[in-house]
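Working notes, structure below.
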Amino acid sequence: MSTTRPYSPGDRGPEPSGASGASEGGAPTTGVPTGAAAPSGAAGGTRGTGGPQVRRLGLRGESGVVPLARDFARQALYAWGWLPAAGADQRAAAEDVLLVVSELVTNACLHAEGPDDLLLACDNKVIRVEVSDRGTGQPAPRTPHRAGRPGGHGMFIVQRLCLDWGVVRAAGRPGKTVWAELGAPA
């Protein structure tokens, strides 16, 4: 799994340039730019313009951010038709999304100065979770992973559940955005 690419090489349908998630100029042809705000400009907003559906939640200065983020993600999954689950695969996919949201927000709480924003973007094939924070650290799964050891399982869980994940740092501002992508249920 990558920890540096801003976009995954996942199958999102045919690409006009034949590239893997990027046009010839290097910009993404699908998906949401890392760290981008919801196009509606409102926290919790949704975009439904034929592209990915996007929801954004500001978390800076909020208390109880992990359950807040999970509830926000759950509401998005209902709005996008992932919930209520029609079957076991869809239920498992939705639970995986909620777990990844919890792990990324928890990591921002424990290892950064707390999360600033949660961004969720969904198209027909992939859901992207982004958590922005002001931290300088580089998240990575503990190596070697020791299942019996308390703590340190967050990024291992993210790595195991996701198609891909990574970290992007924006030039000119402190902090980073940790992103993860999960496949939509079949």
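Are any residues in segment 85-94 open to solvent by less than 60 Å² (accessible area, probe 1.4 Å) and not aliphatic (A, V, I, L, M), and if so, which ones? Please lay out each step first, then the result.
So the first thing to find is which residues in segment 85-94 are open to solvent by less than 60 Å² (accessible area, probe 1.4 Å), and the list is 85, 87, 90, 92-94.
Selection gives Gly87, Gln90.
It is to be established whether one or more residues within segment 24-45 are at pLDDT 50 or above and open to solvent by less than 40 Å² (accessible area, probe 1.4 Å).
Step one: list which residues in segment 24-45 are at pLDDT 50 or above, which gives none.
The answer is no; no qualifying residue exists.
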**Request:** Tell me which of these Trp82 doesn't satisfy, since it passes every other one: (1) open to solvent by less than 30 Å² (accessible area, probe 1.4 Å); (2) in contact with an Asp or Glu (Cβ under 7 Å, 6 or more places away or on another chain).
**Result:** (2)
**Prompt:** Any residue at all in segment 100-121 that is part of a strand (DSSP E or B) and over 21 Å from Leu68 (Cα atoms)?
**Reply:** no
**Prompt:** If a residue has to be of a type in the set (Lys, Arg) and either assigned to a helix (DSSP H, G or I) or open to solvent by less than 80 Å² (accessible area, probe 1.4 Å) (or both) to count, how many in segment 57-79 make the cut?
**Reply:** 2
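Residues checked against (1) surrounded by fewer than 20 Cβ atoms within 10 Å (Cβ to Cβ); (2) modelled with pLDDT of 95 or more; (3) assigned to a loop (DSSP other than H, G, I, E, B):
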| residue | (1), (2), (3) |
| --- | --- |
| Ser132 | no, yes, no |
| Gln138 | yes, no, yes |
| Thr143 | yes, no, yes |
| Pro150 | yes, no, yes |
| Met155 | no, no, no |
| Arg160 | yes, no, no |
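The values are calculated or read from the model by the stated rules, or taken from the named source; none is laboratory data. In this text the structure is predicted, and so the values were computed from the model without any measurement. When we count neighbours, we look across all protein chains shown, and the Cβ atoms used for this are built from the backbone with ideal geometry, even at glycine. Areas reflect the complete protein model, heavy atoms only, side chains present, ligands, DNA and RNA absent. Shrake-Rupley method; radii C 1.70, N 1.55, O 1.52, S 1.80 Å.
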